[in-house]
1. Restricting attention to the stretch 131-161, which residues are under 30 Å from Cys68 (Cβ atoms), open to solvent by less than 70 Å² (accessible area, probe 1.4 Å) and β-branched (Val, Ile, Thr)?
2. Which members of the stretch 162-177 meet the condition of being loosely packed, with under 10 Cβ neighbours inside 10 Å and either basic (Lys, Arg) or touching a His at 6+ places or on another chain (Cβ under 7 Å) (or both)?
3. In the stretch 53-106, which residue that is hydrophobic (A, V, I, L, M, F, W, C) and more than 30 Å from Arg134 (Cα to Cα) is surrounded by the fewest Cβ atoms within 10 Å (Cβ to Cβ)?
4. Which numbered condition trips up Thr95, out of (1) at pLDDT 85 or above; (2) over 30 Å from Gln49 (Cα atoms); (3) of a type in the set (Ser, Thr, Tyr)?
5. Return yes when Thr43 is under 30 Å from Ala129 (Cα atoms), without any contact (Cβ under 8 Å) to a residue 60 or more places away in the chain, open to solvent by less than 40 Å² (accessible area, probe 1.4 Å) and hydroxyl-bearing (Ser, Thr, Tyr) and no when it is not.
6. For Asn111, which of the numbered conditions (1) surrounded by fewer than 19 Cβ atoms within 10 Å (Cβ to Cβ); (2) without any contact (Cβ under 8 Å) to a residue 24 or more places away in the chain; (3) within 27 Å of Asn47 (Cβ to Cβ) fails to hold?
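The values are calculated or read from the model by the stated rules, or taken from the named source; none is laboratory data. Since this is a predicted model, take the numbers as computed values, not measurements. Heads up, the Cβs are rebuilt from the backbone with ideal geometry, glycines too, and the neighbour counts pull from every protein chain shown. Ligands, DNA and RNA are stripped out before the accessible areas are found, and what is left, the full protein with its side chains, is counted by its heavy atoms. Shrake-Rupley method; radii C 1.70, N 1.55, O 1.52, S 1.80 Å.
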Amino acid sequence: KDISSFQPYVYMPTAITYVMIEDNYVAHDIIQAETFVREQNYTVRFNLQDIHTEGNRLRFDPLENACCEIEILAVRTDIKDYSLEAVNALHSKGTKYTFITIDPIIDILGNFDAASYLEIEYRLRIIRADEISRLATAKIQEQAKIQKQLEAMTAERDFLRQQLELITSAKGYKMLEKLRQAKSKLSLS
């Protein structure tokens, strides 16, 4: 079954090759996928034979205009040493990515020199507004907790730094340091 008739959110997934220009990735080729749906699984197949990759990055855009959860079920390709990177995912667990952006991006990194195809099988679930709100709230709470931990660690570091300054500025420490230096000079002679 063709993907374009399946959901109003789904568009024809694309892959974009990038080239590096002045330390920035710039879109080079846009490749439309052959796309199919079987039950709840999507399969996209990209023909890479006619692309010109000067870099090692291919961007996969599985969806537009909806927040979603994507689980990569299988990748079949002749790209050497490839890896997937969910660029703007809220979080990921294994090969399952949650996006609360309407433009989810998954980069495929690898050696494209002799690559001829890329096929990705994945499961996609549109995230509703109430779930987006819950996910965003949980992320904000998680970040607040991390911020408090960071503040506590910073306060502890500052306290230890003050203690070290007190110790190293004490007369006893300075005298002990001079004795160590004198001992070191005597040992060398």
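1. Within the stretch 131-161, the first condition is being under 30 Å from Cys68 (Cβ atoms), and the residues that meet it are 131-147.
Subset that is open to solvent by less than 70 Å² (accessible area, probe 1.4 Å): 131-133, 135-139, 144.
If the condition is that a residue be under 30 Å from Cys68 (Cβ atoms), open to solvent by less than 70 Å² (accessible area, probe 1.4 Å) and β-branched (Val, Ile, Thr), then Ile132, Thr137 are the ones that fit.
2. Answer for the stretch 162-177, where residues must be loosely packed, with under 10 Cβ neighbours inside 10 Å and either basic (Lys, Arg) or touching a His at 6+ places or on another chain (Cβ under 7 Å) (or both): just Lys171.
3. Of everything passing the filter in the stretch 53-106, Val75 is surrounded by the fewest Cβ atoms within 10 Å (Cβ to Cβ).
4. (2)
5. no
6. Single failed check for Asn111: (2).
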